[in-house]
Amino acid sequence: MSRSASDPTTGASTAAPVQLRDGSVTIAGRPVIRQASLTVAPGEFVALMGANGSGKSTLVRALTGLRPLAGGTLELFGTPFDSFRDWQRVGFVPQRAGAGSGVPASVQEVVASGRLTRRRLLRPLSRADKAAIARAIELVGLTDKAKDGVSTLSGGQQQRTLIARALAGDPELFFLDEPTAGVDLPNQKALADTLGRLKERGSTVVLVAHELGPMAPLVDRSVVMRDGRIAYDGAPLSDSAVHDPLFGDVHTQHHVHHDAPGAQQQDFAPKVTSLIERTQGDQG
Amino acid sequence: MTVADLFAMPFMQRALIAAVVTGLAAPVVGTYLVQRRMALMGDGLGHVAVTGVALGLLTHTSPTWTAVIVAIAGALLVEVIRERANAGGDVALALLFYGGLAGGVFLTGLAGESAASLQSYLFGSITTIGIADVLATIILAVVVLVVGLGLAPQLFTVAQDQEFAAVAGLRVRFYNLLVAVLAAVTVTVAMRTVGLLLVSALMVVPVATSQQVTNSFRATLYGAMGLGLLASAGGLGISAVASFRVTVAPGPTIVLVALAFFLITWPLGAWMRRRRRLQEPFADLAAAEHTRVDEHAHEHGEDCGHLAVEHGDHVDYVHNGHRHAVHRVEGGHHYDEH
């Protein structure tokens, strides 16, 4: 399921962009993510799915370093996380209600802040920086709104601004946390088009999504979180199959009891049921 | 004595220099604080700095420098509390602020100083500022301006979105502490001009005024600096002119001038926001049902007085709650009412 080393011209980038081994995350003493292992190959488009509270956002926050790992190891592009400094290779689109703040900021300014990973301290924007910012704005289709204040834009346009901000640093790996939350269908389609162009360029994408909608055709691989563990990792799933206890008809390598159709419990206790017990259980 | 004579006096020139550098520097930090939605941070640090001033009076050292040190310590403490933010975060800040003010007044008493000597720090005493204090004000203001403008891309990014900044490899914690320290320094810079209790006004009011009419961060920042400069120099001037007849304290005058700018700009900003909303193009959707109106007493066109809004390939004129679009056909025209 993971394609190995792709482009020979990029040399170093043959290492997996993301490699998490037995990662666990603890929030306020409670284990939230337990023993999650995830390797994302270059150029792969991975959808990280699951119900609310399943830990999908927490997992992506752990992968970006926003949540420290309580256990396990994380490597980005083959470098252990603690010594990773190539932040210009990573683009992050956080989960946001909007792109505004207490002071007006134009689309151009917000997108320009994504170029910081490639700028030196106390230097003005170079010609290359300006070109990259204009390209990023064009790619999300906001060129005619570049000078507008972000808070005057619609929710979908604000979300596209945040994607352009991540694009401005020309990263190879994108983390997107629910980019389509609260965005109407036409804008979801516009977002999906943008992500499709990233995929064509060979970018690696890790997308957290509650529902894929128009982004479904882009997905190479689905990873489903359930109660803090990776419950499924394999071929793309439809939005409804994600919430199916058996993940639709897709066969998986996980502990799914095919011999017990409809069985919802996946514990290892032997199940001894007789007609009498079941009747008592139903009454009690 | 004329106004020109007054401004020829050395104490007035020192006051003018202090007013100019304060007016320029305070809104720079204020912009970052407003962006972080921490507009009252300056006010709180002003309260904490009162203890610093009192320590200076108690130990007979320069209150300016003890105030800088105590305000920085307070700012770092605020930042630590904010970082560990829980439900009681702002209550903890309140404790710190009132502790600072009460501690300051208490220590001033211990120092055997009268309330009047503290008052010159609470409400400013720009006309009694000495050479050493002018120099200290200039140095601190230059530090604020160089750091606040030089690191603007980094400070903007961190204030706009901390999580994004962290994943972009910025040392978010460092920049948060830096803004806190800059705020503390600014409080002390403005202490002699407008006073510790009115410091926050000079940091925040020009920003609030500027953002009424801007839609970019850069324009807001430079606009606020310009307004801060006008307000502090203008306020000083007004109080100087008024001083021939009545006693007018420069500090509160500066703040009132800044507020007057806001009151003038606010209706303008409200009008601009309303106009922008009205002129937002109508969605170019497939034609829904519309009513055809053959007889229309009025010819719509440019400058006809009706609001013209783009709608796909034509212009609609908003008219008594309808959207009128002229529909030209062979041998005449009629109006479509959308």
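FYI, it's all coordinate maths here, none of it is from the lab. Keep in mind the model is a prediction, meaning the values are calculated, not measured. Cβ placement follows ideal geometry from the backbone for every residue including glycine, while neighbour counts extend to all protein chains displayed.
Counting Cβ atoms of other protein chains within 10 Å of each Cβ in B:29-42 and taking the mean gives 2.
Amide hydrogen proximity for A:Val32: with H placed 1.01 Å from N in the peptide plane, the residues at 5 or more positions away or on another chain lying under 5 Å are A:Val25, A:Thr26, A:Ile27. Whole number please: convex hull volume per residue of the Cα set in region B:12-140, in Å³? Taking the convex hull of the Cα positions in region B:12-140, it is 102 Å³ per residue.
Between 0 and 90 degrees, rounded to the nearest ten: what's the tilt of helix B:250-279 against the longest Cα principal axis of chain B? Taking the Cα atoms of chain B, the angle to B:250-279 is about 20 degrees. In this structure the amide hydrogen of A:Gly50, modeled in the peptide plane, comes within under 5 Å of the amide hydrogens of A:Met225, none closer than 5 places in sequence on its chain.
Each of B:Leu107, A:Asn187, A:Met49 was placed along the dipole of the protein assembly as shown (beta-carbon charges, centred on the mean Cα), and the one lying farthest toward the positive end is B:Leu107.
Backbone amide hydrogens, once placed in the peptide plane, bring A:Arg67 within less than 5 Å of A:Ala62, excluding anything fewer than 5 places away on its chain. Here is how the number arises for chain B: DSSP H runs of 4 or more residues each give -39500 (n - 2.57), the sum is divided by the residue count, and the result at 222 nm is -22500 deg cm²/dmol. The distance separating the Cα centre of region B:128-162 from that of region B:42-66 comes to 19 Å. Across region A:133-138, rounded Karplus estimates of 3J(HN,Hα) from the backbone phi angles (6.51 cos²θ - 1.76 cosθ + 1.60, θ = phi - 60°) give 5, 5, 4, 4, 5, 5 Hz, Gly and Pro being marked x. When Rg and the Kirkwood radius Rh are both evaluated on Cα atoms of chain B, their ratio Rg/Rh stands at 1.17.
Each Lys and Arg adds +1 at its Cβ and each Asp and Glu adds -1 at its Cβ; summed about the Cα centre, the protein assembly as shown shows a dipole of about 2180 debye.
For chain B, the residue among B:Thr2, B:Val204, B:Leu259 whose Cα projects farthest onto the positive side of the dipole built from Cβ charges is B:Thr2.
For the segment B:152-162, counting C-beta atoms of other chains within 10 Å of every residue's C-beta and taking the mean gives 6.
Taking 7 Å steps out from each Cα toward its Cβ at B:Gln279 and B:Thr291 produces label points 2.9 nm apart.
Near A:Ala131: Cβ cut-off under 15 Å, other residues only, Lys/Arg at +1 and Asp/Glu at -1. The net charge is +3. Once a ≥ b ≥ c are taken as the square roots of the eigenvalues of the Cα gyration tensor of the protein assembly as shown, is the result rounded (a/c under 1.5), prolate (a/b larger than b/c) or oblate (a/b not larger than b/c)? It comes out oblate by the Cα gyration axes.
Phi angles across region B:162-178 convert, under the Karplus curve 6.51 cos²θ - 1.76 cosθ + 1.60 with θ = phi - 60°, into 3J(HN,Hα) values of 4, 5, 4, 4, 5, 6, 7, x, 6, 7, 4, 4, 4, 5, 4, 5, 4 Hz, Gly and Pro given as x. Using only the alpha-carbon atoms, how far is helix B:63-83 inclined from the longest principal axis of chain B? Give it as 0 to 90 degrees, nearest 10. Compared with the principal axis, the helix lies near 50 degrees.
Residues considered: B:Val147, B:Val91, B:Val80. Largest GNM mean-square fluctuation over chain B, using C-alpha springs under 10 Å, is found at B:Val91.
Helix B:41-59 axis versus longest C-alpha principal axis of chain B: approximately 10°, rounded to the nearest ten. Using C-alpha pairs under 8 Å with a sequence gap of at least 6, the mean separation divided by the residue count of chain B gives a relative contact order of 22 percent.
Simple spin-label estimate for B:Val105 and B:Leu230 gives 3.7 nm between the two label positions (7 Å along the Cα-to-Cβ direction from each Cα). Centroid-to-centroid, using Cα positions, region A:195-213 and region B:264-280 are 39 Å apart.
Could you work out the local net charge near B:Val21, counting Lys and Arg as +1, Asp and Glu as -1, over the other residues with Cβ closer than 15 Å to its Cβ? Around B:Val21, the surrounding residues sum to +1. Shown here is the pair-distance distribution of region B:171-276: with all Cα-Cα distances grouped in 5 Å bins from zero up to the longest one, the shares run 2, 13, 18, 20, 18, 13, 9, 6, 2, 1, 0 percent. Given R₀ = 60 Å, FRET efficiency for A:Arg135-B:Val241 by Cβ-Cβ distance, to 0.05? Using R0 = 60 Å, I get an efficiency of 0.60.
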